[in-house]
1. Name the residue, out of B:Val144, B:Val125, that is modelled with pLDDT of 90 or more and either outside any helix (DSSP H, G or I) or in contact with a Lys or Arg (Cβ under 9 Å, 6 or more places away or on another chain) (or both).
2. Which one of the conditions (1) within 10 Å of chain A (Cβ to nearest Cβ); (2) over 19 Å from the mean Cα position of the chain (by Cα) does B:Asp135 fail to meet, given that it meets all the rest?
3. Consider A:Asn84 carefully, then state whether it is at pLDDT 90 or above, within 14 Å of another protein chain (Cβ to nearest Cβ), closer than 23 Å to A:Asn232 by Cα and assigned to a loop (DSSP other than H, G, I, E, B).
4. Pairs, please: C-beta under 7 Å, at least 6 apart or cross-chain, first residue more than 7 Å from chain A (Cβ to nearest Cβ) and under 10 Å from B:Leu88 (Cα atoms) and in the stretch B:39-60, second outside any helix (DSSP H, G or I) and not hydrophobic (A, V, I, L, M, F, W, C)?
5. So A:Ala105 fits all but one of (1) surrounded by fewer than 22 Cβ atoms within 10 Å (Cβ to Cβ); (2) in contact with a Pro (Cβ under 6 Å, 6 or more places away or on another chain); what number is the exception?
6. Could you please give the count of residues in the stretch B:78-112 that are of a type in the set (Ser, Thr, Tyr), buried (at least 20 other Cβ atoms within 10 Å of the Cβ) and within 13 Å of another protein chain (Cβ to nearest Cβ)?
7. Which of (1) within 14 Å of another protein chain (Cβ to nearest Cβ); (2) in a helix (DSSP H, G or I); (3) under 30 Å from A:Ser541 (Cα atoms) is the odd one out, the single condition A:Gly449 does not satisfy?
8. Give all pairs with beta carbons closer than 8 Å in which a residue from the stretch A:139-164 that is without any contact (Cβ under 8 Å) to a residue 40 or more places away in the chain and more than 18 Å from A:Met195 (Cβ to Cβ) meets a residue that is surrounded by 15 or more Cβ atoms within 10 Å (Cβ to Cβ) and small (Gly, Ala, Ser); count only pairs at least 6 apart in sequence or on separate chains.
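The values are calculated or read from the model by the stated rules, or taken from the named source; none is laboratory data. Only a predicted model underlies this, so the values are computations on that prediction, with no experimental measurement involved. All Cβ positions, even for glycine, are placed from backbone atoms using ideal geometry, and neighbour counts span all protein chains on display.
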Amino acid sequence: MSETNSVPRRGRWHLALTLAALAAVLLTACAGTGPAARKDPDGGPRPADTARSADPGKPVSDQHIPRLSLGIAGQITLVNPAENMGAGGLYANQLGLEPLLRIDAQGKLQPWLATEWKRVGDKVYEYTLRQGVKFWDGTELTSQDVKYSWDRLRATGSRRSAYFAPVDTVEAADTYTVRVRLKQPDASWQYTPAMWYSVVFQKKFAEQTGTKFGQPGTLLVATGPWKFDSLNPATGMELSAHAGYWGGKPRVDRISVKSFADDNSMALALRAGEIDLAPTVGGPTGFDAAAGGGTVTTVGTCATSLLSLPLQQAPWNDVHVRRAVAHAIKREDIVAATQGRAGGPESTLMSPLLLRTLGSEKEVKAALEEVETYPYDLKAAKAELARSSVPGGFRFTFKTIAASAPIAQVIAAQLKQIGIDLEIKVLTETAWYAELGGQNKPLTYFETGPCVPDPSWAALFLSTDKTGAPVGLNFAGYTKPEMKKLLADGLLEQDPQERLAIYAKVLEHLGEDVPYVPLYAEGNTYASIDYDLVEFGSFWSNMPWVLNVIPK
Amino acid sequence: MSARAILLMIGKRLVALVVLIAILSFLVFSLVHIAPGTVVDAYLGGKPATPELVQALTERYHLDEPFLTQYWLWLRDALVFDFGESTLTTLPVTDEIGARLGPSAFLAVYAYLLTLILGVIPGVVAALRQRKTLDRGLVAGAVVALSTPPFVMGILLLYLFAVLVPVFPAAGLGEGFLDQLWHLTLPALALALCVAAFLLRHSRASMIKVLDQDYIMFARARGLSRRHVLVRYAFRNALIPVVTVSGSLLAFFFAGAVFVETAFSLGGIGELLVQATETSDMPMIQALAMLIAVLIVLANLLADLAYVAIDPRIRFEGRSA
């Protein structure tokens, strides 16, 4: 799972979700019953699906907004990008902290703080900084600040160090040039300077404030369009426009970020006019009912939710059992159980959206021709199970967290039809994480969270160590030797066509072995009565996203 | 009871508090320790991490040390009021609690006062109008309020008074006394109504029992005014069992308001405790457990002192002996 809106973050609020579910029942009677997702009145593409048209640093809309109130689920405890923070904190952080590049809706890199970037050697990348970029205190951004920020983010003990694992050194080649040397060629690095975990802050302020850097009383200094004025971990954050912003003074003068414990109270606040926009909503259907209808917009992303099958335990070590399960899953019913959170059914671990960064739609389709998928087919499921070591079915425990229990119930009901009897055991999040990291992996379901444009992102769920043992987020315990080489080749190879062929091969293995059953494309949802967010795709939150707010 | 006896009682309670905190801290530490998962599991939350980061976190939180060493390391710092940093947010525990203490205390006191007003006064009125329409109406209302969980009440109040008739805000804490009062009225009401209903029934029963006592009849026979009999004899005596109950209410409102805090997104102490427990945030759990223990002991001490003020039998107990 990667950061921000993964299930655990949502799951933290399982108490709150109980309230939200009850509230939805309570309020549906009195609330408007609008559609789960707003359709564009003209029948054209929704603003959320429209590409950002403005120049770097410029707002999409010229409308002047004196104050924009944002509702964010969860509390913002600190703004230090190297430390732990909830999803709400990350979304708020991106309003003030900027990366060097931007990823557009197609997953292509675009200039932001850097105007140019190039791969100057197998393992060397150079970034030319935009000149005249001012920090909030008026000093100019230089390559020293970028070097300091990235060195701090990749230091041992930094929460973001895993994302910088390929980096050998970061150098300030001259005032406006940053040079990154990798330990070995790594095609996935190209996207890192555009992600939320590579944002830049001022070296001088960070050195002066030491361990207090990023904490509520200290905050930080960065270059983004909105300055962090104050932060209260219990209630939220205040931001104001950075008059010296390199893209021109933003059209939104002030931003209030209010923390909400759950979707329901946030929906009521939206309905009461106390917030203007909620950039993320966990349960769109319930939220929309409580907010009065017609408020939510969901866009499918390149993240895929997965049913993880514990390969190292019987009977899951039998591929026929796994294939039977894959055939018995009716994805449409699972999508319905997500309460509007899903973007749509998905049948491969790597979303086709990820592969599109390597080839055209036609090329991707051709590459995936040999990949086995498992459409819902009870007859085929029963036939596979009949060929397995447990032809009459079996009992097993499905471990999950409270927030995922409704999905688990649907999966259990579907597998019951082929004789697999699942007992659902709900764990606390910490206990669940401990199980996922332990030797005996559980049968479980999880959302993978925001993805990176590169297909190598999916390697997170297939990682093995030098001895071939599963590590990291390889929750299924998939250890096929060929996979290790393929994943390594996928990073070493730089040619997109070759890489497409490699990842198609990875998917072929996954289709054959079924360590995971892909369920649905995860969705991002925002809610507002008055505003829309342009280019609200998989990568919306990697830039100062309020620049993409437009009036409805 | 002499002033010396009162001071002795306070002293005993404070000693008991120290012993209680010592036992509680060890018990809480042990329970969190044996619960599945560690702070590293919670901190990383199944997200990408290098082995070096895992090792650094393990050392930072002393997870590679034996259990008793871990406890001692915590205790050593706690003795000098250094409660460490939250393992989830990395902020100092005292900062995190400090940010939430004010609003939680405001809400607790506000709800407490509302509970007393909405519980005791209607309870006494119901007792005086026993078996009349008003009595039946108040008792029926109390049954409804008692049967409605505070978070359901909260959502109802939110919908009615923040959305349908927007006279109160739907969320937030407000700034300054009056603004906070306005912002916290609905949460305080949601929290108070259920408990006030309980207190109403308790006050009613207590008052009815007192009104049946011989000394009330004698007071009336002596020709004392109805007002004098009710306030000086009946109400003060009826108040004693109510004080017993209300002593622990303040602490309950302070730490047990998690459902209402969630419904109104108040970010208070109760919500923080639940979050800390879910993520095995040991320093935070320990500090909150200590805080709540202190509050409970102090609230009960206050209730006992209130007894002394209300009940002359206790006040003069020492002198007559």
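1. Being modelled with pLDDT of 90 or more and either outside any helix (DSSP H, G or I) or in contact with a Lys or Arg (Cβ under 9 Å, 6 or more places away or on another chain) (or both) holds for just one of B:Val144, B:Val125, which is B:Val125.
2. Looking at each condition in turn, B:Asp135 falls short on (1).
3. So A:Asn84 fails the test.
4. Listed by first residue and then by second, the contacts come to B:Val39/B:Tyr61; B:Val39/B:Thr87; B:Val39/B:Ser280; B:Val39/B:Asp281.
5. Unmet for A:Ala105, out of (1) surrounded by fewer than 22 Cβ atoms within 10 Å (Cβ to Cβ); (2) in contact with a Pro (Cβ under 6 Å, 6 or more places away or on another chain): (2).
6. Number of matching residues: 5.
7. (2)
8. Listed pairs, sorted by first residue: A:Thr142/A:Ala172; A:Ser143/A:Ala172; A:Thr156/B:Ala56; A:Gly157/B:Ala56.
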